[in-house]
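The values are calculated or read from the model by the stated rules, or taken from the named source; none is laboratory data. What you see is a predicted model; the values in this text were computed from it and never measured. Because the Cβ atoms are built from the backbone with ideal geometry, glycine has one as well, and the counts that use them run over all protein chains shown. Surface accessibility is based on the protein's heavy atoms, side chains included, excluding ligands, DNA and RNA. Shrake-Rupley method; radii C 1.70, N 1.55, O 1.52, S 1.80 Å.
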Amino acid sequence: MTDHKEEQELELEALTSIYPDEFALIESDPCCFQVLIVCEPEKPGDEDCKVSVTLQFTYVETYPDDPPTIEVSTYEGIDFTDVEKLQEFLEQEALENLGMAMVFTLVSAAQEKLNEFMNKLKEDKESEKLRKEKEVEEADRKKFVGTAVTLETFLAWRQTFEQEMMQINKKSKEDNLKGKLTGRQLFEQDEAMENSDAAFLEGEVKVDESLFQELDDLDLDGEDLE
């Protein structure tokens with residue numbers, strides 16, 4: 001007859017030696033304990049792909065002839081769907097190992113499963129990185145290639161271009177004429193210029209008579225006059 005209590009005590013002693021930092025006893029009767037499992041990437045830069053779980057085992061009275069109660073009490077780096085997968089996987093493993101102390105086997109199997117989850121995270125991260133790089137390359141390529149020209153797009157562009165040129169030419173002419181007046185406009189605006197000739201004609205012309213008196217004093221002979 002199997003001494004379940006003795007086998008449980010022997011397994012607990014072995015687990016505390018194998019997992020000195022990861023093992024934590026929660027309760028003695030019924031015996032309940034936790035084992036922390038951590039998977040860390042070796043490659044620098046993949047620290048965000050770290051995954052970990054805390055497995056909680058509770059012995060039933062007839063363990064190991066019957067499986068222990070298994071729970072995933074905490075988890076990091078995986079989602080709830082992965083937690084459910086891990087739970088189902090460990091329960092199936094427990095059924096396949098009935099009759100023998102199995103916690104070490106279950107923890108080792110969980111470690112392998114977490115490695116799979118971690119590798120999946122790294123693959124997803126690498127795929128996302130490549131996708132973003134391709135998007136950048138495609139954007140850069142489009143800058144140089146441009147948009148394919150069809151007859152419809154060309155006609156639409158030409159119409160827009162001609163309208164823009166008309167507006168530019170119109171504005172240029174307006175800018176050239178802005179602030180410039182014709183000769184007539186200048187003449188009409190300048191009152192001094194408009195009345196300058198009349199003022200000249202109406203004014204008196206003064207003659208210096210002394211200039212003619214000096215001519216009488218000159219001795220001019222007939223030949224000179226001729």
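General observations
- Per-region count, region 20-50, residues of a type in the set (A, V, I, L, M, F, W, C) and not in a strand (DSSP E or B): 2
- Residue list for region 55-85, restricted to those being within 19 Å of LEU15 (Cβ to Cβ) and within 36 Å of the chain's Cα centre (by Cα): THR74
- Among the conditions (1) assigned to a loop (DSSP other than H, G, I, E, B); (2) surrounded by 15 or more Cβ atoms within 10 Å (Cβ to Cβ); (3) not aliphatic (A, V, I, L, M), the only one that ASP82 does not satisfy is (1).
- Residue count for region 100-134, restricted to those that are among the charged types (D, E, K, R) and open to solvent by 100 Å² or more (accessible area, probe 1.4 Å): 8
- Output for region 84-131, where each listed residue is under 17 Å from CYS49 (Cβ atoms) and of a type in the set (A, V, I, L, M, F, W, C): LEU86, LEU114, PHE117, MET118, LEU121, LEU130
- Test: residue in region 44-55 that is open to solvent by 40 Å² or more (accessible area, probe 1.4 Å), among the polar types (S, T, N, Q) and touching a residue at least 40 places away in the same chain (Cβ under 8 Å): no
- VAL53 vs. criteria under 30 Å from LYS129 (Cα atoms), assigned to a strand (DSSP E or B) and among the aliphatic types (A, V, I, L, M): yes
- Taking region 56-79 as the range and being part of a strand (DSSP E or B), of a type in the set (A, V, I, L, M, F, W, C) and either open to solvent by 60 Å² or more (accessible area, probe 1.4 Å) or within 16 Å of GLU27 (Cα to Cα) (or both) as the test, the residues that pass are PHE57, ILE70.
- Condition check for ILE26: touching a Phe, Trp or Tyr at 6+ places or on another chain (Cβ under 6 Å) and open to solvent by 60 Å² or more (accessible area, probe 1.4 Å): yes
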